[in-house]
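*Asks:* The following block contains the structure, expressed as C-alpha coordinates.
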Amino acid sequence: MTGHRHIPQEDLTLYAMHALGSEEQAQIAAHLEGCEECRANLAKESATLALLAMSVEHRRLPEGARNRFLERIKAAPLPASRVVGITDRVPSPQRPAKARTASRWIPWAATAALLLISLVLGVKLRQANDELRSKSALVEAQADASQRAQRVLELLTAPAARHVLLTAGTPHPAPSARAAYLASRGALILEASNLAPIAPNKTYELWIIPANGHPPVPAGLFRPDAAGNAHLVLPDIPSGIKAKALGVTVESASGSTSPTLPIVLAGALPADTE
Ligand SMILES: [Zn+2]
(Lines give C-alpha, C1' and ligand atoms only; values in the text may rest on other atoms or scores of the structure.)
Protein backbone atom coordinates (compact mmCIF):
# COMPACT_ATOMS: atom_id res chain seq x y z
CA MET A 1 0.00 0.00 0.00
CA THR A 2 2.98 2.28 0.29
CA GLY A 3 5.97 2.91 -1.94
CA HIS A 4 5.27 4.16 -5.45
CA ARG A 5 1.55 3.57 -5.31
CA HIS A 6 -0.77 6.12 -3.78
CA ILE A 7 -2.59 5.12 -0.61
CA PRO A 8 -6.07 3.66 -1.21
CA GLN A 9 -9.00 5.60 0.19
CA GLU A 10 -9.98 2.93 2.68
CA ASP A 11 -6.48 2.88 4.14
CA LEU A 12 -6.61 6.65 4.51
CA THR A 13 -9.88 6.19 6.39
CA LEU A 14 -8.29 3.69 8.74
CA TYR A 15 -5.24 5.92 9.10
CA ALA A 16 -7.42 8.91 9.98
CA MET A 17 -9.17 6.81 12.60
CA HIS A 18 -5.81 5.65 13.97
CA ALA A 19 -7.07 2.16 13.33
CA LEU A 20 -3.94 0.77 11.65
CA GLY A 21 -1.01 -1.06 13.18
CA SER A 22 1.81 1.21 14.27
CA GLU A 23 3.98 -0.05 11.40
CA GLU A 24 1.37 0.71 8.78
CA GLN A 25 0.59 4.05 10.41
CA ALA A 26 4.30 4.88 10.13
CA GLN A 27 4.51 3.77 6.49
CA ILE A 28 1.52 5.85 5.52
CA ALA A 29 2.86 8.81 7.46
CA ALA A 30 6.13 8.52 5.55
CA HIS A 31 4.29 8.41 2.22
CA LEU A 32 2.13 11.36 3.16
CA GLU A 33 5.18 13.45 3.88
CA GLY A 34 6.23 13.23 0.25
CA CYS A 35 2.86 13.06 -1.48
CA GLU A 36 0.65 16.09 -1.77
CA GLU A 37 -2.12 14.21 -3.48
CA CYS A 38 -2.51 11.72 -0.64
CA ARG A 39 -2.36 14.53 1.91
CA ALA A 40 -5.27 16.20 0.15
CA ASN A 41 -7.20 12.91 0.15
CA LEU A 42 -6.48 12.49 3.85
CA ALA A 43 -7.77 15.97 4.62
CA LYS A 44 -10.97 15.14 2.75
CA GLU A 45 -11.24 11.87 4.65
CA SER A 46 -10.78 13.54 8.01
CA ALA A 47 -13.51 16.00 7.17
CA THR A 48 -15.84 13.11 6.31
CA LEU A 49 -15.05 11.44 9.62
CA ALA A 50 -15.65 14.66 11.50
CA LEU A 51 -19.01 15.01 9.77
CA LEU A 52 -19.81 11.43 10.65
CA ALA A 53 -19.17 12.19 14.30
CA MET A 54 -21.07 15.48 14.33
CA SER A 55 -23.83 15.06 11.81
CA VAL A 56 -27.27 13.72 12.61
CA GLU A 57 -27.33 12.21 9.12
CA HIS A 58 -25.89 8.80 8.65
CA ARG A 59 -22.83 9.00 6.40
CA ARG A 60 -21.36 5.90 4.91
CA LEU A 61 -17.69 5.06 5.18
CA PRO A 62 -16.03 3.93 1.94
CA GLU A 63 -17.19 0.41 1.12
CA GLY A 64 -13.63 -0.96 1.13
CA ALA A 65 -12.92 0.26 4.65
CA ARG A 66 -16.11 -1.30 5.91
CA ASN A 67 -15.28 -4.64 4.31
CA ARG A 68 -11.84 -4.62 5.79
CA PHE A 69 -13.26 -4.05 9.24
CA LEU A 70 -15.55 -7.02 8.83
CA GLU A 71 -12.73 -9.22 7.54
CA ARG A 72 -10.52 -8.31 10.43
CA ILE A 73 -13.23 -8.80 13.02
CA LYS A 74 -13.88 -12.26 11.54
CA ALA A 75 -10.24 -13.03 12.01
CA ALA A 76 -10.30 -12.06 15.65
CA PRO A 77 -11.57 -15.33 17.31
CA LEU A 78 -8.60 -17.36 16.03
CA PRO A 79 -5.57 -15.26 16.77
CA ALA A 80 -3.11 -17.98 17.85
CA SER A 81 -3.40 -20.35 14.89
CA ARG A 82 -3.31 -17.51 12.41
CA VAL A 83 -0.19 -16.02 13.85
CA VAL A 84 1.52 -19.40 13.96
CA GLY A 85 0.43 -20.24 10.42
CA ILE A 86 1.80 -17.04 9.01
CA THR A 87 5.10 -17.03 10.84
CA ASP A 88 5.75 -20.69 9.95
CA ARG A 89 5.36 -19.97 6.31
CA VAL A 90 7.85 -18.11 4.21
CA PRO A 91 6.41 -14.63 3.76
CA SER A 92 4.80 -14.16 0.40
CA PRO A 93 6.96 -11.72 -1.58
CA GLN A 94 3.97 -9.71 -2.89
CA ARG A 95 2.50 -9.08 0.55
CA PRO A 96 5.33 -8.62 3.05
CA ALA A 97 3.73 -5.76 5.00
CA LYS A 98 0.43 -7.59 5.44
CA ALA A 99 2.13 -10.75 6.73
CA ARG A 100 4.24 -8.84 9.21
CA THR A 101 1.35 -6.87 10.57
CA ALA A 102 -1.39 -9.49 10.56
CA SER A 103 -0.87 -10.32 14.23
CA ARG A 104 -1.11 -6.67 15.15
CA TRP A 105 -4.35 -6.31 13.22
CA ILE A 106 -6.40 -8.29 15.64
CA PRO A 107 -6.49 -5.80 18.55
CA TRP A 108 -6.48 -2.90 16.12
CA ALA A 109 -9.43 -4.30 14.22
CA ALA A 110 -11.36 -4.60 17.45
CA THR A 111 -10.40 -1.05 18.38
CA ALA A 112 -11.39 0.23 14.97
CA ALA A 113 -14.69 -1.60 15.08
CA LEU A 114 -15.40 -0.17 18.52
CA LEU A 115 -14.49 3.27 17.27
CA LEU A 116 -16.83 2.94 14.31
CA ILE A 117 -19.62 1.59 16.49
CA SER A 118 -19.13 4.34 19.04
CA LEU A 119 -19.20 6.95 16.29
CA VAL A 120 -22.52 5.63 15.00
CA LEU A 121 -23.90 5.17 18.50
CA GLY A 122 -22.70 8.64 19.43
CA VAL A 123 -24.65 10.15 16.56
CA LYS A 124 -27.78 8.17 17.46
CA LEU A 125 -27.40 8.99 21.15
CA ARG A 126 -27.03 12.67 20.36
CA GLN A 127 -30.19 12.53 18.23
CA ALA A 128 -32.11 10.75 20.98
CA ASN A 129 -30.86 13.19 23.62
CA ASP A 130 -31.83 16.22 21.53
CA GLU A 131 -35.29 14.79 20.96
CA LEU A 132 -35.73 13.96 24.63
CA ARG A 133 -34.51 17.39 25.69
CA SER A 134 -36.96 19.23 23.46
CA LYS A 135 -39.83 16.95 24.50
CA SER A 136 -39.22 17.26 28.21
CA ALA A 137 -38.86 21.03 27.83
CA LEU A 138 -42.30 21.10 26.20
CA VAL A 139 -43.85 18.94 28.91
CA GLU A 140 -42.26 21.14 31.58
CA ALA A 141 -43.63 24.30 29.95
CA GLN A 142 -47.12 22.79 29.77
CA ALA A 143 -47.02 21.69 33.39
CA ASP A 144 -45.85 25.17 34.34
CA ALA A 145 -48.72 26.84 32.48
CA SER A 146 -51.39 24.58 33.95
CA GLN A 147 -49.98 25.02 37.45
CA ARG A 148 -50.22 28.81 37.03
CA ALA A 149 -53.80 28.55 35.77
CA GLN A 150 -54.66 26.38 38.79
CA ARG A 151 -53.19 28.94 41.21
CA VAL A 152 -55.05 31.82 39.56
CA LEU A 153 -58.31 29.89 39.84
CA GLU A 154 -57.65 29.09 43.51
CA LEU A 155 -56.96 32.73 44.31
CA LEU A 156 -60.04 34.05 42.55
CA THR A 157 -62.37 31.52 44.17
CA ALA A 158 -60.90 31.44 47.69
CA PRO A 159 -63.41 32.74 50.29
CA ALA A 160 -60.49 34.04 52.38
CA ALA A 161 -59.13 36.18 49.54
CA ARG A 162 -59.57 39.92 50.09
CA HIS A 163 -60.40 42.08 47.06
CA VAL A 164 -59.11 45.63 46.94
CA LEU A 165 -59.65 48.44 44.44
CA LEU A 166 -56.60 50.61 43.97
CA THR A 167 -56.87 54.05 42.36
CA ALA A 168 -54.51 56.89 41.52
CA GLY A 169 -54.40 59.68 44.09
CA THR A 170 -57.57 60.84 45.88
CA PRO A 171 -60.69 59.41 44.33
CA HIS A 172 -63.05 61.92 42.76
CA PRO A 173 -66.59 60.47 42.91
CA ALA A 174 -68.70 61.03 39.82
CA PRO A 175 -71.47 63.62 40.16
CA SER A 176 -74.98 62.20 40.37
CA ALA A 177 -78.53 63.24 41.25
CA ARG A 178 -81.79 61.59 42.29
CA ALA A 179 -85.14 63.06 41.39
CA ALA A 180 -88.83 62.37 42.04
CA TYR A 181 -91.34 63.75 39.58
CA LEU A 182 -95.14 63.74 39.65
CA ALA A 183 -96.37 65.14 36.31
CA SER A 184 -100.07 65.51 37.25
CA ARG A 185 -99.18 67.81 40.16
CA GLY A 186 -96.23 69.50 38.52
CA ALA A 187 -94.15 68.35 41.55
CA LEU A 188 -90.45 67.65 41.46
CA ILE A 189 -87.67 67.13 43.97
CA LEU A 190 -84.01 66.79 43.00
CA GLU A 191 -81.08 65.97 45.21
CA ALA A 192 -77.59 66.16 43.63
CA SER A 193 -74.20 65.25 45.04
CA ASN A 194 -70.54 65.43 44.05
CA LEU A 195 -71.26 68.27 41.67
CA ALA A 196 -68.21 70.03 40.23
CA PRO A 197 -67.90 73.63 41.47
CA ILE A 198 -68.96 76.25 38.92
CA ALA A 199 -67.96 79.85 38.26
CA PRO A 200 -69.94 82.56 40.13
CA ASN A 201 -71.55 83.75 36.89
CA LYS A 202 -72.82 80.21 36.13
CA THR A 203 -75.60 77.99 37.42
CA TYR A 204 -76.86 74.47 37.06
CA GLU A 205 -80.26 74.23 35.36
CA LEU A 206 -82.67 71.29 35.39
CA TRP A 207 -84.71 70.41 32.30
CA ILE A 208 -87.77 68.27 31.76
CA ILE A 209 -87.59 66.55 28.37
CA PRO A 210 -91.20 66.04 27.17
CA ALA A 211 -92.19 62.64 25.83
CA ASN A 212 -94.07 64.24 22.94
CA GLY A 213 -90.93 65.67 21.37
CA HIS A 214 -91.54 69.27 22.42
CA PRO A 215 -88.57 71.40 23.43
CA PRO A 216 -87.13 70.87 26.93
CA VAL A 217 -88.90 72.77 29.70
CA PRO A 218 -86.76 74.66 32.26
CA ALA A 219 -87.38 73.26 35.75
CA GLY A 220 -85.22 75.34 38.08
CA LEU A 221 -81.74 76.63 38.88
CA PHE A 222 -79.43 75.39 41.60
CA ARG A 223 -75.82 75.76 42.82
CA PRO A 224 -73.79 73.20 44.72
CA ASP A 225 -72.47 73.89 48.23
CA ALA A 226 -68.79 73.45 49.14
CA ALA A 227 -69.28 69.70 49.43
CA GLY A 228 -70.84 69.50 45.94
CA ASN A 229 -74.39 68.89 47.21
CA ALA A 230 -77.49 70.69 45.91
CA HIS A 231 -81.27 70.47 46.36
CA LEU A 232 -84.10 71.61 44.20
CA VAL A 233 -87.44 71.26 45.93
CA LEU A 234 -90.74 71.83 44.20
CA PRO A 235 -89.61 74.26 41.55
CA ASP A 236 -92.26 76.26 39.74
CA ILE A 237 -93.16 74.10 36.73
CA PRO A 238 -96.34 73.59 34.77
CA SER A 239 -98.32 70.47 35.62
CA GLY A 240 -99.23 67.74 33.18
CA ILE A 241 -95.93 67.49 31.25
CA LYS A 242 -95.35 63.85 30.36
CA ALA A 243 -91.57 63.51 30.58
CA LYS A 244 -89.30 60.94 29.07
CA ALA A 245 -86.15 62.24 30.78
CA LEU A 246 -84.60 64.84 33.05
CA GLY A 247 -81.35 66.63 32.23
CA VAL A 248 -78.98 69.12 33.85
CA THR A 249 -76.85 71.69 32.04
CA VAL A 250 -74.57 74.54 33.08
CA GLU A 251 -76.01 77.92 32.10
CA SER A 252 -75.24 81.58 32.74
CA ALA A 253 -76.28 82.73 36.20
CA SER A 254 -79.76 83.90 35.25
CA GLY A 255 -80.61 80.65 33.50
CA SER A 256 -81.67 79.94 29.91
CA THR A 257 -84.86 79.15 28.05
CA SER A 258 -83.18 76.36 26.12
CA PRO A 259 -80.40 74.04 27.30
CA THR A 260 -76.76 74.67 26.42
CA LEU A 261 -74.82 71.55 25.66
CA PRO A 262 -73.29 69.51 27.07
CA ILE A 263 -75.85 67.84 29.30
CA VAL A 264 -73.81 67.15 32.44
CA LEU A 265 -76.38 64.86 34.12
CA ALA A 266 -79.24 62.94 32.50
CA GLY A 267 -81.70 60.23 33.46
CA ALA A 268 -84.56 58.55 31.62
CA LEU A 269 -87.88 58.18 33.43
CA PRO A 270 -89.59 54.83 33.61
CA ALA A 271 -92.19 54.50 30.82
CA ASP A 272 -95.25 54.32 33.15
CA THR A 273 -94.60 57.67 34.78
CA GLU A 274 -97.79 59.74 34.86
ZN1 LIG B 1 0.40 9.32 -2.70
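*Asks:* Picking from GLY240, ALA137, LEU195, whose Cα lies most toward the positive end of the charge dipole for segment 121-268 (charges on Cβ: Lys, Arg +1; Asp, Glu -1)?
*Replies:* ALA137
*Asks:* Under a plain spin-label model, where a point goes 7 Å from the Cα along Cα-to-Cβ, how far apart in nm are SER252 and ALA43?
*Replies:* 9.9
*Asks:* Oh, and also: Could you check the simple spin-label distance between SER22 and CYS35, using points 7 Å along Cα→Cβ, in nm with one decimal?
*Replies:* According to this spin-label approximation, the distance is 2.4 nm.
*Asks:* Could you work out the relative contact order of segment 176-268, using alpha carbon pairs under 8 angstrom and six or more residues apart, expressed as a whole percent?
*Replies:* 32
*Asks:* What is the local net charge at ILE208, summed over the other residues whose Cβ is closer than 10 Å to its Cβ (Lys, Arg +1; Asp, Glu -1)?
*Replies:* Charge balance near ILE208 sits at +2.
*Asks:* Next question, about the same structure. Round to the nearest 0.05 the FRET efficiency obtained for ALA143 and LEU121 when R0 = 35 Å and r is the Cβ-Cβ distance.
*Replies:* 0.65
*Asks:* Let's test the formula: R0 of 45 Å, r as the Cβ-Cβ distance of SER134 and ALA113. What FRET efficiency results, to the nearest 0.05?
*Replies:* Values: r = 32 Å, r/R0 = 0.71.
With R0 = 45 Å, the Cβ-Cβ based efficiency is 0.90.
*Asks:* Follow-up question, since we're still on this one. Loop only by DSSP, 15 or fewer other Cβ within 10 Å of the Cβ. Give me the trypsin sites (Lys or Arg not before Pro) in segment 109-187 that pass, ordered by residue number.
*Replies:* ARG162
*Asks:* Another one. Given a 1.4 Å probe and the protein chains all in place, what does the accessible area of VAL248 round to, in Å² to the nearest 10?
*Replies:* 0
*Asks:* Give me the extension gain from ASP225 to ILE198: residue separation times 0.36 nm, minus the current Cα-Cα distance, reported in nm with one decimal.
*Replies:* Working it through step by step, the gained length comes to 8.7 nm.
*Asks:* Carbon and sulfur: what percent of segment 176-268's accessible surface (1.4 Å probe)?
*Replies:* Ligands and nucleic acids excluded, carbon and sulfur reach 57 percent.
The values are calculated or read from the model by the stated rules, or taken from the named source; none is laboratory data. Nothing here was measured: the structure is a model prediction, and the numbers come from that model. FYI the Cβ positions are ideal-geometry reconstructions off the backbone, even for glycines, and counts take in every protein chain you see. With ligands, DNA and RNA removed, areas are computed over all heavy atoms of the protein, side chains included. Shrake-Rupley method; radii C 1.70, N 1.55, O 1.52, S 1.80 Å.
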